[in-house]
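These notes concern the structure reproduced below.
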Amino acid sequence: QVGNYKRTVKRIDDGHRLCNDLMNCIHERARIEKGYAQQLTEWAKRWKQLVEKGPQYGTVERAWCAFMSEAEKVSELHLEVKGSLMNEDFEKIKNWQKEAFHKQMMGGFKETKEAEDGFRKAQKPWAKKLKEVEAAKKAYHAACKEEKLAVSRETNSKADPALNPEQLKKLQDKVERSKQDVLKTKEKYEKSLKELDNATPQYMENMEQVFEQCQQFEEKRLRFFREVLLEVQKHLDLSNVASYKNIYRELEQNIKTADAVEDLRWFRANQGPGMSMNWPQFEEWSADLNRTLSRREKKKASDGVTLTGINQTGEQVSQPNKHSSSLSVQSNTVQSVQSSYNPFEDEEDTGSTVSEKEDNKIKNVSSYERNQSYPTDWSDEESNNPFSSTDANGDTNPFDEDTSPAMEVRVRALYDYEGQEQDELSFKAGDELTKMENEDEQGWCKGRLDNGQVGLYPANYVEPIQ
């Protein structure tokens, strides 16, 4: 039918739009692949740090960390998928679209105009004859209507005695002319219809030829889309990638290598009865005795209280050494006080301030580190606190145990240090640990490594982490 070829022509424009839709579809999937890969990497990095700093040890720790290694490897594969989608599939569609559709200066595509011109040229002769047939049919139908009206008037005039013979004769002539017009228009209508029928086969052939060209163009697009979708499927299907299968095969092997007996044996040898012990032995006095004092001797060395850096006016005196202004108490339950801390401040205010600092320092640690309370070093000594009793006036001592809540500070090692005694820590430059007690007069601090080990270390070997 005339004009119905426009649906076929519109399909060419739809093909160009579908190329854009397919490219947008692939682009969105590529962004999803990239986002998933980034999330896997961030998850693996965060949990690997938490597991390594946590209390898990041995083969089970390695099996746990294998999950983070799996995530990192899978992340790399998904980044490769993203690259394949954008660098291969997306670009392939873009280049094919550019080659298949050519834009015109006046708008539209060259392929669309060629198809529309081909259909219009093939349909023009037949459409012209169809128009003639419609006009002949209209004329024939109008003549038939006039003939019927003339016959009806003539029949009615015969029954009317008022009409004279001359008027009756005019009506009869009108009927005769109407019959002749009907014959003429009918003949012309039949002739134009016959010509249209004769032109129809050629018209169908010409139209089908142009239509077939459009079909071939559309077939290329459909086959190309099928080819691209198959390539996208191959890029997305990681189950057929050998390295992807190896990732989970390796993960399974790492998990199966976890051995509870081996881990218990290691813990017994390193943290239990099997660990090496430095039993007390007779030691001669030496010049570097201060550096090699044991924990008990260090505690005995401070046999009282030393207050420095406080003048009578209450103003703080500047000290050349930030550790020189301190409070030393013999009891292990009383913490050393830094120069910036006023021991005469209100107990409640001090406690709340320290609690806020502690809260800020544990935001980014694992659940184990947040909930674990580490015991202090073992000691069988009980020292008499000179401040534990009230004075003669009955006033309480502001240096009681409850007035100084413990405050832990994260520090970083500046140098390597190898512990000389059983109660000393060993660490490398750059390692991080937690300072549990402030520096004493011998220059030693008490701290805890991330593996839970508690001990002493030289105060000038570390610096606070900002």
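The values are calculated or read from the model by the stated rules, or taken from the named source; none is laboratory data. Here the structure is a predicted model, which means the values were calculated and not measured. Cβ coordinates were reconstructed from backbone atoms using ideal geometry, including for glycine residues, and neighbour counts include every protein chain displayed. Ligands, DNA and RNA are excluded from the accessible area calculation, which covers all protein heavy atoms including side chains. Shrake-Rupley method; radii C 1.70, N 1.55, O 1.52, S 1.80 Å.
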Check: Using alpha-carbon pairs under 8 Å, 6+ residues apart, how would you state the relative contact order of the range 110-210 in percent?
Finding: 49
Notebook entry, point to check: In whole percent, how big is the carbon plus sulfur part of the accessible area of the range 110-210, probe 1.4 Å, protein atoms only?
Noted result: 54
Notebook entry, point to check: Residues of the range 139-219: accessible area per residue at 1.4 Å, in Å²?
Noted result: 75
Item checked: Solvent exposure of the range 1-119 as accessible area per residue, Å², 1.4 Å probe -> 61
Item checked: Packing-based ranking, highest mean first, of 70-83, 40-53 given that Cβ atoms within 10 Å are counted -> 70-83, 40-53
Check: With every protein chain kept in the model, how would you rank K179, K256 by accessible area, 1.4 Å probe, largest at the top?
Finding: K256, K179
Check: Over all directions, what mean area does the Cα convex hull of the range 110-210 project, stated in square nanometres?
Finding: 8.1
Checklist line | Net charge over other residues, Cβ less than 15 angstrom from the Cβ of G83 (K, R count +1; D, E count -1) | finding: -1
Next item on the list: With an 8 Å cut-off on Cα pairs and a minimum separation of 6 or more residues, tell me the relative contact order of the range 410-464 in percent.
Entry: 37
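What does the charge count around S178 come to, taking other residues whose C-beta lies under 14 Å from its C-beta (Lys +1, Arg +1, Asp -1, Glu -1)?
Net charge in that neighbourhood comes out at +3.
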Next item on the list: Give the ranking of T155, T200 by solvent-accessible surface, highest area first, calculated with a 1.4 Å probe.
Entry: T155, T200
Margin query: Exceeding 30 Å between C-alpha atoms, which entries from my cross-link table qualify? They are K121/K220; K131/K169; K148/K194; K158/K194.
Written below: K131/K169; K158/K194
Note to self: Between S239 and D117, what's the calculated FRET efficiency when r is the beta-carbon distance and R0 is 51 Å? Round to 0.05.
What the structure shows: 0.50
Next item on the list: Could you work out how far the C-alpha centroid of the range 17-48 sits from that of the range 202-256, in angstrom?
Entry: 20
Check: Between Q215 and Q466, what is the spin-label point distance in nm, taking each point 7 Å from the Cα along the Cα→C-beta axis?
Finding: 7.8
Notebook entry, point to check: Just the C-alpha atoms of the range 410-464: what Rg/Rh do they give, with Rh taken as the Kirkwood radius?
Noted result: 0.90
Note to self: Using the Karplus curve 6.51 cos²θ - 1.76 cosθ + 1.60 with θ = phi - 60°, what ³J(HN,Hα) values do you get for each residue of the range 57-63, in whole Hz, with x for Gly and Pro?
What the structure shows: 9, x, 5, 5, 5, 5, 5
Note to self: With the crude spin-label approximation of a point 7 Å out along Cα→Cβ, what separation in nm comes out for R46 versus V2?
What the structure shows: 7.1
Margin query: Could you derive backbone 3J(HN,Hα) for the range 418-428 from the dihedral phi with the Karplus parameters 6.51, -1.76 and 1.60 (θ = phi - 60°), listing whole Hz in sequence and x where the residue is Gly or Pro?
Written below: 10, x, 8, 10, 5, 8, 9, 8, 10, 7, 10
Note to self: Give me the percent of accessible area attributable to carbon and sulfur for the range 410-464, probe 1.4 angstrom.
What the structure shows: 41
Item checked: Environment charge of K92, counting only residues whose C-beta is closer than 12 Å and scoring Lys/Arg +1, Asp/Glu -1 -> -4
Checklist line | Across K128/K174; K10/K234; K6/K129; K145/K188; K145/K170; K137/K170, pairs whose alpha-carbon gap is larger than 26 Å | finding: K128/K174; K10/K234; K137/K170
Next item on the list: With a point put 7 Å past each Cα toward its Cβ, work out how far M204 is from H102 in nm, to one decimal.
Entry: 3.4
Note to self: Can you compute the FRET efficiency between K256 and Y57 using 1/(1 + (r/R0)^6), with r the Cβ-Cβ distance and R0 = 30 Å? Round to the nearest 0.05.
What the structure shows: 0.95
Next item on the list: From largest accessible area down, sort L18, L230, L433; use a 1.4 Å probe on the protein chains.
Entry: L230, L18, L433
